Amino acid sequence: MQRRHDLDLVRVFAFCLLVLYHVGMYYVSWDWHVKSPWASTALEPFMLLTSPWRMSLLFVISGVATAFLLRRAEHSAPPRFLGPRTWRLLPPLLFGMYVIVPPQLYLELAGKVPGGYHAGYAGFMATYLRGGDFYCAAPHQCLDGPTWNHLWFLAYLWAYTVVLWLLLKAAPTRMQAAGAWLGRRMTGIGALLWPVLWLALARLLLVARFESTHDLVDDWYNHAQYLPMFLLGYFLAFSGGFWESLQRRRWVALAAATFGYAALVGVWYCAGYDDQNPPPETLRLALRVAWAVDQWCAIAALFGFAYHFRHADSAVLRYLTAAVFPVYVLHQTVIVVLAWNLRPAALPPALEGPLLVVATFALCLAGYEAIRRIGWLRPLFGLPPIPARTGER
């Protein structure tokens, strides 16, 4: 039950990447809430560096954290897990949907509705709370509310936690046997091969049939990758053989991830293929396998290199670990509002982009400093209650 500081380190790193990625979304050609007048394909190869594995990594870490929480709950009297976990995840999701996220949609409407969106924010919120479509650019391409936008991760994590809890309640012996079976196979080279095989099959069979929606109920490709990653983290949280195998093969994993990334960038950004000029079907299928190789092997390499720091506690790491949840809830709205308000300055991207990154981290950490001091705000941002102070007698 000793805390894994390497996983704290990777988690902080992953959420920092999330901020960088969402700032990048302002400048690339991919659809997002608001877009820079300078948006182009120039940054897209760099965005692709983390796209295959960033969210899968977070689900693996969440699975490990869930295993620690369940083991701690087993030693409490009475055992309590699902209730506290629900209280940790759903209030921030609901508060985010109705308070944090709406400015994103409001500014998105201002940028996408022909002629501009001229309703005031109060009128917008009245419509938002009633639900329904605000604007449809085309059939099935509507902006509607309420929405969870970037907070979809919390909804999925809660749903996967409930699935795990039900499985443990319905078939505890079989779940224990499944964990032991998986632990035997996820050592040595199997720690790299088996997840790649699963992710490749999921991408080959499902990605063309199920668009990524993040709406929970109709997102089968994402469930096929994220739920197994969550369960893998849970089952292998205490498997020393698995983590040591990743450490021994970290350079192999890094080389494989680099190969997968190079294949994706080489085809989509160097060979002249794009959505209007797609590659041949055989090459497309090979790229789906390359995506899966990159997806898992990048995660394996990160865990392998970080494992050396599993006992490396520090005050800075503890602070950042506690700040991750509030920063996650706040960051995308901060980016959207900042980007929108910086547009009149017409700053070049080389100046504006770093400014957005620094300002986003600064404002989110300032928000965390305020939130952690206000008791009623803490659960709305995923923080536990302020510990009671015991006076000296």
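The values are calculated or read from the model by the stated rules, or taken from the named source; none is laboratory data. Nothing here was measured: the structure is a model prediction, and the numbers come from that model. FYI the Cβ positions are ideal-geometry reconstructions off the backbone, even for glycines, and counts take in every protein chain you see. Ligands, DNA and RNA are excluded from the accessible area calculation, which covers all protein heavy atoms including side chains. Shrake-Rupley method; radii C 1.70, N 1.55, O 1.52, S 1.80 Å.
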Compactness index (Cα Rg / 2.2 N^0.38 Å), region 204-243: 1.48
Total charge dipole magnitude, the chain, about the Cα centre, Cβ charges on Lys, Arg, Asp, Glu only, Debye to nearest 20: 1560
Positive-end residue, region 262-393 charge dipole about Cα centroid, Cβ charges, pick of Gly375, Thr333, Cys364: Gly375
Hydrodynamic radius by Kirkwood, which averages 1/r over all alpha carbon pairs of region 1-82, in angstrom: 15.2
Residue-span extension gain [Tyr319 to Ile386] - 0.36 nm each, minus C-alpha spacing: 22.6 nm
Heavy atoms of Leu380 accessible to a 1.4 Å probe, total area in Å² rounded to 10: 40
Residue-level accessible surface for Phe46, protein heavy atoms, 1.4 Å, Å²: 140
Residue-normalised accessible area of region 43-172, expressed per residue, 1.4 Å probe, Å²: 46
Calculated log₁₀ intensity ratio I(q)/I(0) where the Debye formula runs over C-alpha points of region 200-288, q = 0.19, 0.21 Å⁻¹: -1.09, -1.14
Spin-label model distance (nm) - Val358 vs Ala208, 7 Å beyond Cα toward Cβ: 4.8
Sequence ranges 22-34, 290-302, 52-64, ranked by mean other-Cβ count within 10 angstrom, highest first: 290-302, 52-64, 22-34
Region 208-266 versus region 323-359: alpha-carbon centroid distance in Å: 29
Rounded percent of accessible protein surface that carbon and sulfur make up, region 248-294, 1.4 Å probe: 64
Highest average packing first - 273-283, 322-332, Cβ atoms within 10 Å: 322-332, 273-283
Cβ charges +1 (Lys, Arg) and -1 (Asp, Glu), total dipole of region 1-117, debye: 480
Lys112 - accessible surface, heavy atoms, 1.4 Å probe, Å² rounded to 10: 70
Distance-filtered residues of region 226-270 - backbone nitrogen under 17 Å, label point 7 angstrom along Arg71 Cα→Cβ: 231-245
Whole-Å distance, taken between Cα centres, linking region 156-171 and region 18-66: 28
Under 5 Å, built H, 5+ apart or other chain: amide partners of Val28: Ser40
Label point distance in nm, Ala312-Leu285, each placed 7 Å from Cα along Cα→Cβ: 4.4
With 10 Å bins from 0: P(r) over region 252-393, alpha-carbon pairs, percent: 9, 21, 23, 29, 13, 3, 1, 0
For the chain, the Rg and Dmax computed from alpha carbons only, in angstrom: 21.8, 77
Average accessible surface area per residue within region 215-330, 1.4 Å rolling probe, Å²: 45
Alpha carbon convex hull of region 18-172, projected area averaged over orientations, nm²: 12.3
Leu89, Leu342, ranked by accessible area, largest first (probe 1.4 Å): Leu342, Leu89
Cα-based convex hull, region 288-333, per residue volume (Å³, whole number): 92
Nearest-0.05 FRET efficiency for Trp194 and Ala345, computed from C-beta distance (R0 51 Å): 0.50
Cysteines in the chain that, by Cβ-Cβ distance, have no pairing candidate under 4.7 Å: Cys16, Cys270, Cys297, Cys364
Net length gained if the chain between Arg3 and Val252 were fully extended (0.36 nm per residue, minus Cα distance): 86.9 nm
Accessible area in the full protein assembly, largest first, 1.4 Å probe, for His311, His118, His5: His118, His311, His5
